[in-house]
Each structure stands twice: as C-alpha cells, then as structure tokens.
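**Q** Quick one: structure below, then a few questions.
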Amino acid sequence: MNDNIINDKFKVLVVDDESSVRFLLTQMLEGEGYEVIEASDGESAIEIFKSEAPDMILIDAMMPILDGMSTCRMLRRLDTGKNVPVLMITGLDDDSVVDMAFESGVSDFITKPFQFSVLRQRVKRMLRLKTAESMLEEKLVNERSITELVNDGIIITDAGNQIISFNPSAEDIFNFKAADIIGRKISEIIPELTDEAIKRDSEAAGENKNIKIKKETAGKKRDRTQIPIGLTLNGLDSGNKLISVHDLTEKKQTQSTIKMAEMVFENIREAICVIDSGCIVQFTNPAFCALSGYSEQQTIGQSIKLIMPDVRAQAAFDEIISHIKAGEQKQAEFILSTREHPECHVLMIINHIEAGVSMPSKYVVIFHDITEQVRLRARQEALQKQAAGIQKMTLLSTISAGIIHEINQPLNSIKILADSLLFLNKKGKVVEISKIFENLQKISDQIVRIDEIIKQMRAFAGYRQGQATTKCDLNAAIEKTHEMLKHQLDMKGIKLKKKLGANLNDVPGNVNIIEEVAVNLIVNSVQALEKVGGREKEIICETRLENDKVIFEVSDNATGVAEELKERIFDPFFSTKTMEGGMGLGLAIVSTILNGYNGKIEVFNNDRGGATFHVELPAVPSNAPACEKNKAR
C-alpha cells in the first residue's frame with residue numbers, strides 16, 4: 001500500500017498545458033489538504049509519475065504533443081500505473097469521446113466548465129475508493145499468506161459446495177494440485193461432506209443458517225487411498241464455507257503404537273515395573289503383581305526394595321542405579337522375598353530411560369524368574385562333582401593298573417635274576433663271580449627303572465594338585481626349551497623353526513611348568529621323527545594371539561596320528577612306543593598341566609603329513625602381577 005494513504009496525506013498530480021488551470025486546480029486541492037505536483041504536458045507527466053508515485057492524477061484531455069488519452073495509455077503500461085485513479089478533464093462530452101477515454105484507461109471524467117464542489121467530491125470519492133481497494137488487496141494478500149503458511153489444509157467452498165480455494169497444505173494432504181481440484185465437489189475428497197449432509201447440518205443450525213461442523217472422518221487422496229483427518233467447517237448455508245483439515249495419520253499411528261505397547265505391557269509374561277531414581281515404583285504390569293504377590297495399588301509409590309529384604313542386595317541394586325547411564329542396560333541376579341515365595345531367584349534387566357530435559361530419569365526393570373534354573377544349576381553342579389569323583393576313581397584305577405604293570409616288569413626281572421643264582425647255589429654249583437656281579441648290575445638297573453617310574457608318578461600327581469598361578473612369558477619359555485634341546489636336535493638332524501608372535505600376552509603358569517609343556521611336546525615330535533627317514537626333518541613352534549587366547553602350536557613333518565588314537569593319546573600310560581620302553585605319561589602330564597591353568601590341548605594332522613599339537617591358554621591382562629622370566633630350573 002502507498003505510504004501516502006497510510007499517512008492520510010494524498011499526493012495528486014495535475015497535468016494541463018494551461019498554467020492558469022493548473023494554478024486554480026492546485027489552489028483548490030491544497031485547500032483540501034492534498035499535496036499537489038504539476039506537469040505541463042504528457043511526457044513530463046510520465047517522468048514525474050515514475051519519480052513521485054502520486055496517489056491520483058487529474059489530466060486534461062486536449063494537450064499538444066501527447067494528449068491526455070495517450071498519456072493515460074502509457075501510464076497503464078507501467079507496473080506502478082495499472083491501478084492509480086485517473087480523472088480526465090475535458091470540454092468534449094459526446095459518446096465517442098467518453099468511450100475513447102474509458103478505453104484508454106481513464107477511471108472517470110468531468111466536463112468543462114466544472115464546479116469546484118463537484119470536482120472536490122469526485123476527487124475525494126476516487127481516493128476513498130483507491131484506499132478501500134488497497135486495503136482489500138492487502139487483506140487478501142495477508143489471508144493468502146496465512147493459508148499458504150499454516151500446516152493445516154485450508155479449503156474454501158462456495159454455496160454449491162464446490163471448491164474455490166485449496167492451499168498448499170491441502171495439496172500435500174490430499175495429493176491434489178489446486179488447479180486440478182478447484183471447481184469439483186468437496187465430497188470427492190471428503191466423502192462425508194455431501195450436499196445432503198451439509199444441508200442437514202444447515203437445518204440443524206436454526207434460523208441463522210450458520211453451519212459449524214467439527215469431526216474426525218476419512219479423507220480420500222488422489223490415488224483413492226483413505227486417510228484419517230480431523231475437520232472444522234464454518235460458514236453460511238447460502239454462502240462460502242471455510243474448511244480446516246488436519247492429517248491424523250501420524251496421530252492414529254502413534255495411538256496404535258501406544259495401544260500395542262499397552263497390550264504388550266499388560267500381557268507379557270515377564271514382570272515389569274518402572275521406578276524413579278529413588279527406586280520408587282511408578283508403574284507395574286500384572287505379571288509383576290503376580291510375582292510379588294502385591295496389588296498395583298500396594299506397590300505404586302512404594303520402594304522396590306519392599307521385595308528385596310537383604311541389605312547387601314539393596315546396596316548392590318543402589319550401586320547399579322547410581323552408575324547406569326542413560327540408554328544403558330545392566331543385568332544382575334537377586335533373591336527376592338515375595339508373598340508366595342520367601343526365596344525367589346530372579347534375573348533383573350535394568351534399563352535407564354532418559355525421559356527428557358524437563359522430565360526426571362526413569363528405570364525399567366524386567367524380572368525373569370530363574371528359580372527353576374537355579375535349582376537345575378545346583379543339580380548340575382552336584383552331578384558334575386559326582387562325575388568328577390567317578391572320573392577320579394576311574395583315573396585312580398587306571399593309574400593303579402599302570403603302576404602295577406610298569407613296576408611288575410622290573411620286579412619279575414629282579415626275581416628271575418635272583419632265583420637263578422639261588423637255584424645254582426642250591427644245586428651246589430659254583431657260580432662265577434663275574435656272573436654274580438652281572439646279575440647284580442641287571443638287578444640294579446631294574447631298581448633304577450622302578451625309581452624312575454615312581455618319580456614320574458610323583459610328578460604326575462603333583463601336576464594334578466595344581467600350581468601357584470603367576471604369569472609367564474610363553475615366548476621366553478620356548479626360547480629356553482630350545483636352548484636345552486638344541487644339542488639333542490642337532491645330533492638327530494632335526495631343524496626347529498620358531499614363529500613367535502610379537503607383543504604376545506603372558507599366560508598363567510610357573511615358568512618351569514610351562515617349559516615342561518614345551519619340552520614334552522617337542523620331545524614327542526622328536527620321537528615321531530626318529531621313525532622316518534629319507535626326508536628333511538623339521539619341527540615348527542608357533543605362538544600367536546587370538547581374541548583373549550594365546551595359541552601355542554608344535555608341528556612336525558613325521559607320519560601324523562591315526563584317527564582312532566586321537567581320543568586316547570592324552571590318557572595316562574597310553575603310548576605308541578611300547579617297544580622303546582615309553583611309559584605314556586608325557587602327553588598326559590601336558591594335558592593335566594593345561595587343565596590346571598584353564599587351558600586345553602588337541603591334536604590334528606597337518607598338510608605336511610605330520611601332527612600338530614594345538615594348545616590354548618587364557619591371555620593374562622597386561623596389568624596383572626609381574627611375569628616370571630628365565631627363572632633357573
């Protein structure tokens with residue numbers, strides 16, 4: 001809108017080639033409070049209009065160079081001159097002149113000679129009309145801006161319920177462009193708003209016929225799919241109606257989600273309660289009431305510690321609540337005291353839910369009744385102990401049989417040697433001194449054999465009792481073992497290659513015991529390689545870290561292990577070297593040592609034709625006590 005209109009100070013441009021006429025018109029208009037600017041011809045009037053932007057123009061019809069009608073045509077071609085009121089003053093009043101004047105864009109005209117009172121009123125009326133049109137235009141612009149900016153769909157229908165306005169939000173809701181839907185019935189997109197339905201509401205409105213409808217219903221999109229909408233309709237039965245439409249799809253989806261969550265909360269088998277940071281119960285589900293034996297009214301507002309009488313359990317629960325972060329989940333086993341069960345074992349899953357900036361934190365606690373699992377666990381532990389006892393007795397029986405077998409052979413030899421000397425003496429035969437000492441040497445050798453058996457059995461028993469758990473550098477233990485066996489390996493023509501992992505974690509165990517493992521495994525490979533010939537003999541010792549395990553592998557290129565022997569190879573007194581006098585305790589000792597340190601050993605045949613003994617030991621964290629390294633054996 002022109003600033004002059006806002007300030008009630010109108011600016012009028014007077015255009016006439018006669019200075020006396022301009023003077024009279026200026027005097028009259030200024031006397032009415034208008035601001036007057038003058039132009040003596042049409043060309044200067046155009047330039048002055050561009051720079052001054054007057055609110056109205058008084059122009060003479062007959063002027064030299066550029067007459068009033070031509071000037072008016074040029075003004076109307078300007079963007080700012082399309083709506084400015086133009087009052088033409090002319091001495092001609094025949095119909096043809098009047099028609100030409102209006103065709104050129106003149107708003108009104110007055111004929112000479114004119115009365116100042118008539119001219120004054122004519123100017124006043126035209127300026128008022130201009131003001132009203134500007135205000136109406138501004139109002140329409142504002143209304144259009146509002147309807148285009150609001151999120152709700154704004155639809156205007158006429159008296160026949162045909163759409164005459166459709167804002168951008170309505171376009172988004174119904175997937176129709178305004179140009180495609182304007183002129184069509186509102187019932188095409190809102191089926192309930194039929195002519196009959198609106199008429200019924202109009203009749204119910206009474207005499208004033210002011211219709212007001214507010215409801216939730218279904219809308220129909222361009223592709224004929226239905227969407228939930230909320231609408232408000234206002235208007236007269238005989239006039240336009242304003243319809244505000246809100247898309248309820250998200251609201252309905254949220255309601256459906258909430259309803260589903262409520263159903264899950266109410267019907268889930270697990271007991272659930274919601275507590276605040278002070279451990280006060282805010283919500284419970286029926287399963288929680290069934291578990292605790294208390295009703296919802298009895299639990300809400302009470303501390304969850306009502307069913308947690310043990311002081312240590314309460315302190316442990318407080319510790320979890322105080323340290324669990326928003327979005328985190330923690331689990332812990334507790335013993336609850338409910339009305340039905342004095343000792344109810346549960347697994348609690350505690351979730352910290354951040355409700356919002358202005359809302360205090362909440363904690364969702366889910367209870368899994370694990371009473372039966374605890375009973376089964378105790379039963380399983382008892383069975384494991386029983387099985388361990390049976391295994392111990394079986395092992396003792398096996399060891400006893402092995403001892404009897406191993407010691408019986410040298411005892412028989414001793415008895416035969418002694419009996420032969422006694423028999424010769426009984427027969428009165430003279431036994432040569434050399435023969436006596438020969439037999440005595442043989443008896444001494446068998447006694448040494450018995451002593452070795454007893455020592456190995458003591459070692460085996462010692463390993464089964466376990467060792468003090470320190471930590472050991474496995475790579476250093478392998479290097480020490482290589483030093484000890486280097487001469488023996490060289491004598492037998494066997495190469496030992498080491499592939500020791502860098503930055504390897506330590507393993508649990510006394511360094512001497514871990515070296516014993518390495519010695520037994522390498523010696524076992526040496527004995528296997530002694531049976532083969534015609535090839536390069538090689539043993540590979542490899543260490544590496546896999547997740548939280550330290551891997552130690554000893555591989556050879558001998559003949560491997562037969563499939564049927566793999567399950568028995570770690571049993572005490574089982575040996576494939578009976579002809580060479582092996583006792584079968586080396587690998588059994590290795591297995592026993594590793595079991596004592598929560599490790600394990602297995603064997604498989606490698607792609608080089610030999611066997612690989614695969615050892616796994618737990619990796620000791622780097623912050624454990626200082627490691628034993630290179631301690632004297």
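**Q** Contact list please: Cβ distance under 7 Å, first residue in segment 481-493 and basic (K, R), second residue part of a helix (DSSP H, G or I), pairs at least six apart or on different chains.
**A** Going by the 7 Å Cβ cut-off, the qualifying pairs are K492/V526.
**Q** Residues of segment 204-242 being at pLDDT below 85 and not in a strand (DSSP E or B), which ones?
**A** A204, A205, G206, E207, N208, K209, D237, S238, G239, N240 - these are the residues of segment 204-242 that are at pLDDT below 85 and not in a strand (DSSP E or B).
**Q** Among the residues of segment 266-279 satisfying the criterion of being farther than 10 Å from K362 by Cα and touching a Ser or Thr at 6+ places or on another chain (Cβ under 9 Å), which is surrounded by the fewest Cβ atoms within 10 Å (Cβ to Cβ)?
**A** I272
**Q** Taking only pairs six or more apart or across chains, which ones have beta-carbon atoms under 8 Å, a first residue in segment 512-523 that is farther than 18 Å from I569 by Cα, and a second residue that is among the hydroxyl-bearing types (S, T, Y)?
**A** From residues that are farther than 18 Å from I569 by Cα, the pairs are I513/Y463; E515/T481.
**Q** Which residue pairs have Cβ atoms under 7 Å apart, sit 6 or more places apart or on different chains, and have a first residue in segment 90-113 that is open to solvent by less than 60 Å² (accessible area, probe 1.4 Å) and a second that is of a type in the set (D, E)?
**A** T111/D93
**Q** Restricting to segment 466-513, what's the tally of residues that are part of a loop (DSSP other than H, G, I, E, B) and either farther than 30 Å from K531 by Cα or not charged (D, E, K, R) (or both)?
**A** 15
**Q** Being surrounded by 18 or more Cβ atoms within 10 Å (Cβ to Cβ) and assigned to a loop (DSSP other than H, G, I, E, B) narrows it down to one of P64, P54, so name that one.
**A** Unique residue meeting the criteria: P54.
**Q** How many residues does segment 176-203 contain that are in a helix (DSSP H, G or I), under 20 Å from I154 (Cβ atoms) and open to solvent by less than 80 Å² (accessible area, probe 1.4 Å)?
**A** 8
**Q** I'd like the residue in segment 595-620 that is among the aromatic types (F, W, Y) and within 22 Å of Q527 (Cα to Cα) and, out of all such residues, is surrounded by the most Cβ atoms within 10 Å (Cβ to Cβ).
**A** Taking the candidates together, the pick is F613.
**Q** Okay, next question. Of all the residues that make up segment 537-568, how many are open to solvent by 60 Å² or more (accessible area, probe 1.4 Å) and modelled with pLDDT under 90? Even if it seems obvious, please write down each step before you answer.
**A** Here is the first cut: in segment 537-568, the residues open to solvent by 60 Å² or more (accessible area, probe 1.4 Å) are 544-549, 559, 563-564, 567-568.
Keeping just the survivors that are modelled with pLDDT under 90 gives 547-548, 559, 563-564, 567-568.
Summing the residues that are open to solvent by 60 Å² or more (accessible area, probe 1.4 Å) and modelled with pLDDT under 90 in segment 537-568 gives 7.
**Q** Now for a different question. All but one of (1) over 45 Å from the mean Cα position of the chain (by Cα); (2) at pLDDT below 85 hold for L127, so report the exception by its number.
**A** (2)
**Q** Please go through segment 254-284 and pick out each residue that is among the small types (G, A, S) and part of a helix (DSSP H, G or I).
**A** The answer is S256, A261.
**Q** Among the residues in segment 585-594, are any open to solvent by less than 80 Å² (accessible area, probe 1.4 Å), over 24 Å from Q488 (Cβ atoms) and at pLDDT below 85?
**A** yes
The values are calculated or read from the model by the stated rules, or taken from the named source; none is laboratory data. Note that this is a predicted model, so its numbers are computed, not measured. Glycine also receives a Cβ, built like all others from the backbone with ideal geometry; neighbour counts cover every protein chain displayed. What goes into the accessible areas is simple: the full protein's heavy atoms, side chains included, and nothing from ligands, DNA or RNA. Shrake-Rupley method; radii C 1.70, N 1.55, O 1.52, S 1.80 Å.
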